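The values are calculated or read from the model by the stated rules, or taken from the named source; none is laboratory data. Because the structure is predicted, anything quoted here is derived from the model rather than measured. Note: ideal-geometry Cβ built from the backbone for every residue, glycine included; neighbour counts use all protein chains shown. Side chains are part of the model used for accessible areas, which takes the heavy atoms of the whole protein and leaves out ligands, DNA and RNA. Shrake-Rupley method; radii C 1.70, N 1.55, O 1.52, S 1.80 Å.
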Amino acid sequence: MIIGDGTPTTLTFLLAEDDPNLGTFLRAYLKGKGYETKLYRDGKSAFEAFKEGGFSFVITDVMMPVKDGFSLVRDIRKLDPVVPVLFLTAKTLEADRLKGFQMGADDYLTKPFSMEELIFRIQAILRRTYTPAKTTRPEIYEFGGIRFDVTGQRLSNADGSVSVTLTTREAELLSLLCEHKNEVVERKEALVEVWKGDNYFSARSMDVYITKLRKALAQVGDVTIVNVHGVGFKLVEKV
């Protein structure tokens, strides 16, 4: 069932957290907010549970026994490229944040954090994931030998023989670039439109996603994303 903003009324969260006190508290808190939550103490058991299906959202610690959070999300993304993922971690290094986004995370929350911030970030991810695409944008873009199915989040070559499934955020970013193909999309515009804010970590995250989209585009057609120094990005056909 979907409510007005597109978010399902019933969601089941997979929570992977090896700290027994924090894990138990988070599970109880999320359940109190209406999110059915199942807790796993390591990445291996979490992945085995995910393979059984039924999860709408993944929240995972990074440092865990048996299988760490990065490995867990890497394996999850092989099965489901679009399920929302939020990392929880004590790591504050920029390289770790960027690695999280490279693994396919939708957001990254550093411990200690407030429960209010956790809920706000979850709600923001859910809005991005489940809100229907704006009707003013086409559902299909065709350009330079590529075909981009916005709703299906699938990028392919013209005859469909080669295709790549995109994450929700990758699809949002590519949709924005397609809407303005051969035009410069300013960095700030993209950050506000896709990341809902302009800050340092969002900017670095966007750079990671631009790199991932370039690789995906290179697999299916003669289109690339060029940097316009000091301004933003442009989707163009290769020359």
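List of remarks:
- The stretch 102-117 residues that are at positive phi, paired with ones that are hydroxyl-bearing (S, T, Y) and surrounded by 21 or more Cβ atoms within 10 Å (Cβ to Cβ) (beta carbon under 6 Å, 6 or more apart): G104/T167
- Among the residues of this structure, A124 counts as one that is at pLDDT below 90, of a type in the set (A, V, I, L, M) and surrounded by 15 or more Cβ atoms within 10 Å (Cβ to Cβ).
- Pairs, first among the acidic types (D, E) in the stretch 167-185, second open to solvent by 10 Å² or more (accessible area, probe 1.4 Å), C-beta under 7 Å, six or more apart: E170/K212; E172/R128; E179/R137; E183/K234
- Hey, R214 open to solvent by less than 80 Å² (accessible area, probe 1.4 Å), within 20 Å of G232 (Cβ to Cβ) and without any contact (Cβ under 8 Å) to a residue 60 or more places away in the chain or not: yes
- Check on S156, within 17 Å of A105 (Cα to Cα), among the small types (G, A, S) and crowded, with 17+ Cβ neighbours inside 10 Å: no
- Any hit, the stretch 94-103, residues being hydrophobic (A, V, I, L, M, F, W, C), modelled with pLDDT of 85 or more and either loosely packed, with under 13 Cβ neighbours inside 10 Å or in contact with a strand residue (DSSP E or B) (Cβ under 6 Å, 6 or more places away or on another chain) (or both): no
- Of all the criteria given as (1) touching a residue at least 40 places away in the same chain (Cβ under 8 Å); (2) within 26 Å of I76 (Cβ to Cβ); (3) surrounded by fewer than 20 Cβ atoms within 10 Å (Cβ to Cβ); (4) touching a strand residue (DSSP E or B) at 6+ places or on another chain (Cβ under 7 Å), the one not satisfied by F201 is (4).
- Inter-residue pairs, beta-carbon under 6 Å, first touching a residue at least 60 places away in the same chain (Cβ under 8 Å) and over 15 Å from V223 (Cβ atoms) and in the stretch 145-159, second surrounded by 14 or more Cβ atoms within 10 Å (Cβ to Cβ) and of a type in the set (G, A, S), 6+ apart: Q153/A171
- Total residues in the stretch 9-28, condition under 19 Å from F120 (Cα atoms), open to solvent by 60 Å² or more (accessible area, probe 1.4 Å) and not small (G, A, S): 4
- Filter pass, L176 being at pLDDT 90 or above, out of contact with any Lys or Arg (no Cβ under 8 Å at 6 or more places or on another chain) and either small (G, A, S) or buried (at least 20 other Cβ atoms within 10 Å of the Cβ) (or both): no
- Top-ranked residue of the stretch 50-84 - restricted to ones that are assigned to a loop (DSSP other than H, G, I, E, B) and touching a residue at least 60 places away in the same chain (Cβ under 8 Å), ranked as surrounded by the most Cβ atoms within 10 Å (Cβ to Cβ): P84
- Look at (1) more than 25 Å from V231 (Cα to Cα); (2) surrounded by 18 or more Cβ atoms within 10 Å (Cβ to Cβ) and you find that T168 fails only one, number (1).
- Residues located in the stretch 32-43, provided they are surrounded by fewer than 20 Cβ atoms within 10 Å (Cβ to Cβ) and either assigned to a loop (DSSP other than H, G, I, E, B) or on the phi > 0 side of the Ramachandran plot (or both): K33, G34, R41, D42
- With respect to being crowded, with 16+ Cβ neighbours inside 10 Å and assigned to a loop (DSSP other than H, G, I, E, B), A46 falls outside the description.
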